[in-house]
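Chemist: Take a look at the following structure, please.
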Amino acid sequence: MSQIVQFFFSGLTLGSIYAVVALGFNLIYSTTGILNFAQGEFLMLGGMTAVTLARFTPIPVAVVGAVVIVTLCGGVLEILFFRRLRRPTVLQMIIITIGLSIVIREVALHVWDEKVRSLSYFTGNECSSVRVLGAGISPQVFWVLGTVALVVLLLHLFLHRSLVGRAMRACASNPEAAMLAGINTGRMRTLAFMLSAGIGALGGCVISPITMTQYDSGAGLAIKGFAAAMLGGLGRPMPGVLGGLLVGLAEAFSVYFGMPAAYKDATAFGILVAVLFVRPQGLFSSGELQAGAQER
Amino acid sequence: MLRVRNLRTGYGSLEVIKGVSFHVAPGEVVALIGANGAGKTSLLSAVVGLLPPWDGQVVIGGRDATGAPPWESIASGVVLVPEGRRIFADMTVMENLQVGGYRNPDRDRLIDEMFDRFPRLRERRGQTAGTLSGGEQQMLAIARGLIARPRLLLLDEPSLGLAPLLVKEVFEVVRGLRDLGVTICMVEQNAVAALEIADRGYVLETGEIILEGVSEDLLRNPEVMRAYLGKGYREVWE
Ligand SMILES: Nc1ncnc2c1ncn2[C@@H]1O[C@H](COP(=O)(O)OP(=O)(O)O)[C@@H](O)[C@H]1O
Ligand SMILES: [Mg+2]
């Protein structure tokens, strides 16, 4: 029993990080139609920047600083690489974002190095644990779950309750009509990139004590986030979060049921391939989950 | 209010607007008529900047707006209610209206006004816009445009695809706006009904204006019927 709980929490933790990647991925995709394969790099940049800043400042300040810096990076990348493309093709955009992810990785390798780093635990240390149903759960797990839940909630409120958030959904729903309503879709695109980058950076910070951060840790996250986003139905932020949790749980329990841990990455990839072949519209985009269709 | 000079534009290398000039004076209702594929939608798209003009000039309220991005057209007081309504289908009626007033700080008051004008929309304010009937969606599209407080309203085929009774209702709405003094430029395939409301009209055929004049004259002109019915009609008669 306690072992199941252990695996459950480990799956949930990983899953909520995939959810963060999927969230950023969907936010950019639905607002702009761009498949941003550099989404994982935002988490890496967030973690690495925070680790560096934490040498000079307390952790909360380092985290906030990292989020601000990466958010600005997201905006600058959009302005540099996407602003001038008037009607980019899907292939162009995929090449640009994959190229970007490689460049960011290389730059990170130069700025830092190939060493594995991590932020220290927000509360307690690697040995402290909280008892849940007989299993020992690291307090950092609750930091991750709480932070991700808060981000999801705030983003939902932003998209559904604020005028700018509604305008962002309008861009997703019908870009031309949104432009006709006076929405500068170029600026919305920048905003979507900044939001995604900031959310990613925060995710990268809270997970850093658990999974560590390295210059190339974004690549794996991008694939898993993409699998999560596909599972929820591309372009729909909230179902994508659910998709993330499912991918994380599937990964954890595939190990529990005897799959060699070295192959656990194959689980997400398997899910991705299965979704692409069987239900490319995502698990939840049929009639029975109407609420989901309204999320974007 | 709006003056278009020698406008040329198209898609890729295909030229669909071949040097069009027309104007709309303040307080006027102007009808743009022409058969399917004549280029009416493309012309309006070029006016608001959805389609970049190749050549020519678009002057809005005395200022050159040639090639300005679409989100700026609304700032200069021009609102296009696009063909096919283009409502935000997965957002609520209320949210559609709020986004329509994105640039208008006075939006809440105007939304109330729209609810008075279209009581059906008030009843359905919380409903997802995609679940409205075709007629209601058209009303929503018009209301969403009006919330931006246009000085010039461009309507692209507001009666397209609606049942006859609703077509009448849409024309009633346009008539009401005209009586309030809103300047309107309306694209219609329903030439007779459009000209009955309009002060003046232009007839567009394969990207060129072949006729223009006051509505009464156009309604009496056999050429209008020819343009209205398009090529098939011409082949029969020539
Ligand atoms: N997006 C597009 N791409 C290529 N050609 C188009 C496009 N939209 C319209 N056209 C062509 O431009 C011409 C004019 O179309 P349109 O402006 O929609 O006419 P109308 O509104 O009068 O029916 C037509 O020949 C049509 O096939
Ligand atoms: Mg048309």
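Chemist: Among all the lysines, which ones have a C-alpha under 21 Å from residue A:224's C-alpha, if same-chain residues fewer than 8 places away are not counted?
Modeler: A:264
Chemist: Can I ask one more? Which residue fluctuates the most in chain A, going by a Gaussian network model with Cα springs under 10 Å, if the choices are A:13, A:147, A:123?
Modeler: A:123
Chemist: 222 nm [θ] for chain A, helices only, -39500 (n - 2.57) per DSSP H run of 4+, per residue, to 500?
Modeler: Details: 12 runs with 213 residues, N = 296.
So the calculated ellipticity at 222 nm is -24500 deg cm²/dmol.
Chemist: Given 0.36 nm per residue, what is the gain on full extension from residue A:266 to residue A:52 after removing their alpha carbon distance, in nm? Numbers along the way, then the final one.
Modeler: Numbers: separation 214, 0.36 × 214 = 77.04 nm, distance 3.19 nm.
The span from residue A:266 to residue A:52 would gain 73.9 nm if fully extended.
Chemist: Then there is this: Can you list, bin by bin at 10 Å, the percent of alpha carbon pairs in region A:2-295, starting at 0?
Modeler: That works out to 7, 29, 36, 22, 6, 1, in percent per bin.
Chemist: Still on this structure, I have one more. Can you sort A:143, B:54 so the residue with the fewest Cβ neighbours within 10 Å comes first?
Modeler: Details: A:143 19, B:54 13.
Final ranking by Cβ density, sparse to dense: B:54, A:143.
Chemist: Of all DSSP beta bridges in the protein assembly as shown, what percent run antiparallel (nearest 5)? Please report the intermediate quantities before stating the final value.
Modeler: Details: 26 of 44 bridges.
Rounded to the nearest five, the antiparallel share is 60 percent.
Chemist: 7 Å from Cα along Cα→Cβ at both residue B:14 and residue A:84: what's the point-to-point distance in nm?
Modeler: If labels sit at residue B:14 and residue A:84, their model points lie 3.0 nm apart.
Chemist: Among the helices of chain B (complete DSSP H runs), which have Cα atoms covering no less than 20 Å along the helix axis and a Kyte-Doolittle mean of at least -1.0? Walk me through the intermediate numbers first.
Modeler: Details: long enough: B:164-179 (22 Å, 0.35).
Counting only whole DSSP H runs, the qualifying helices are B:164-179.
Chemist: Provide the gained length on full extension for the span residue B:54 to residue B:165, in nm with one decimal, where the gain is 0.36 nm per separating residue minus the Cα-Cα distance.
Modeler: Length gained between residue B:54 and residue B:165: 35.9 nm.
Chemist: Now for a separate question. Give me the angle, in degrees from 0 to 90, between the Cα long axis of helix A:185-211 and the longest principal axis of the Cα atoms of chain A, rounded to the nearest 10.
Modeler: With both axes taken from Cα atoms, the answer is about 0 degrees.
Chemist: List the aspartates and glutamates whose alpha-carbon lies under 12 Å from that of residue B:18, not counting same-chain residues fewer than 8 positions away?
Modeler: Filter leaves B:55, B:205, B:208.
Chemist: Using a 7 Å offset from the Cα along the Cα-to-Cβ direction at both residue A:257 and residue A:158, what is the distance between the two label points in nm, to one decimal?
Modeler: Computed distance between label sites residue A:257 and residue A:158 equals 3.7 nm.
Chemist: What is the projected area of the convex hull of the Cα atoms of chain B, averaged over all directions, in nm²?
Modeler: Working: hull surface 51.5 nm².
Directional mean of the projected Cα hull area for chain B stands at 12.9 nm².
Chemist: Same structure, new question: Near residue B:168, which aspartates and glutamates are there with a Cα under 18 Å away, not counting those fewer than 8 places off in the same chain?
Modeler: Output for residue B:168: B:83, B:136, B:156, B:157, B:179, B:188, B:196.
Chemist: Would you mind checking the radius of gyration and Dmax of the protein assembly as shown based on alpha-carbon positions, in Å?
Modeler: Gyration radius and largest Cα-Cα distance of the protein assembly as shown: 27.6, 93 Å.
Chemist: Now, a different point. Helix-only estimate, please: 222 nm mean residue ellipticity of chain B, summing -39500 (n - 2.57) across DSSP H runs of length 4 or more and dividing by its residues, to the nearest 500. Spell out each step's value before the answer.
Modeler: Details: 11 runs with 94 residues, N = 238.
That comes out to -11000 deg cm²/dmol.
Chemist: I've got another one for you. How high is the relative contact order of chain B? Use alpha-carbon pairs under 8 Å, at least six apart in sequence, and give a whole percent.
Modeler: Numbers: 463 pairs, mean separation 65.2, N = 238.
It comes to 27 percent, rounded to a whole number.
Chemist: Rank the residues A:41, A:251 as a footprinting-exposure proxy: fewest other Cβ atoms within 10 Å of their Cβ go first. Walk me through the numbers before you get to the answer.
Modeler: Numbers: A:41 32, A:251 26.
Ascending number of Cβ neighbours within 10 Å: A:251, A:41.
Chemist: Using a Gaussian network model of chain A with C-alpha springs under 10 Å, which one of A:79, A:34, A:223 is most mobile by mean-square fluctuation?
Modeler: A:79
Chemist: Still on this model: Going by a ≥ b ≥ c, the root eigenvalues of the Cα gyration tensor, does region B:118-191 fall in the rounded group (a/c under 1.5), the prolate group (a/b larger than b/c) or the oblate group?
Modeler: Values: a/c = 1.87, a/b = 1.24, b/c = 1.50.
In terms of gyration-tensor shape, oblate.
Chemist: Out of all Cα-Cα pairs in region B:1-123, roughly what percent, to the nearest whole number, are more than 25 Å apart? Present the calculation step by step, with values, prior to reporting the outcome.
Modeler: On the way: 2573 of 7503 pairs.
Roughly 34 percent, once rounded to a whole number.
Chemist: Under the definition of Cα pairs under 8 Å and six or more residues apart, what whole-number percent is the relative contact order of chain A?
Modeler: Value for chain A: 36 percent.
Chemist: Quote the FRET efficiency, to the nearest 0.05, computed for residue B:206 versus residue A:64 with a Förster distance R0 of 60 Å and r equal to the Cβ-Cβ distance. Present the calculation step by step, with values, prior to reporting the outcome.
Modeler: Working: r = 61 Å, r/R0 = 1.02.
So, using R0 = 60 Å, E works out to roughly 0.50.
Chemist: Hey, another quick one. Suppose every Lys and Arg Cβ carries +1 and every Asp and Glu Cβ carries -1, with no other charges. What dipole size does chain A come out with about its Cα centre, to the nearest 20 debye?
Modeler: Working: 19 positive and 12 negative charges, 142 e Å.
Using Cβ point charges on Lys, Arg, Asp and Glu, chain A gives about 680 debye.
Chemist: Moving to a separate point now. What average number of partner chain Cβ atoms lie no more than 10 Å from the Cβ of the residues making up B:86-99?
Modeler: Working: counts 8, 4, 10, 4, 11, 9, 3, 0, 1, 8, 6, 0, 5, 14.
Across the residues of B:86-99, the mean count of other-chain Cβ atoms within 10 Å is 6.
Chemist: May I ask for the net charge around residue A:104, where only other residues with Cβ less than 12 Å from the Cβ of residue A:104 are counted and Lys, Arg are +1 while Asp, Glu are -1?
Modeler: Numbers: positive: A:105; negative: A:41, A:106, A:216.
That works out to -2.
Chemist: Sort the following peptides by mean Cβ neighbour count (other Cβ atoms within 10 Å, averaged over residues), highest first: B:190-196, A:54-60. If you can, show how the numbers build up before the last one.
Modeler: Working: B:190-196: 19.9, A:54-60: 12.4.
My ranking of the peptides, most packed first, is B:190-196, A:54-60.
Chemist: If one takes the longest principal axis of the Cα atoms in chain A, at what angle in degrees, from 0 to 90 and to the nearest 10, does the Cα axis of helix A:90-111 lie?
Modeler: So the helix axis and the longest Cα principal axis differ by about 40 degrees.
The numbers here are math on the coordinates, done by the rules we state, and not lab data. Given the structure is predicted, the values throughout are model-derived calculations rather than measurements. When we count neighbours, we look across all protein chains shown, and the Cβ atoms used for this are built from the backbone with ideal geometry, even at glycine.
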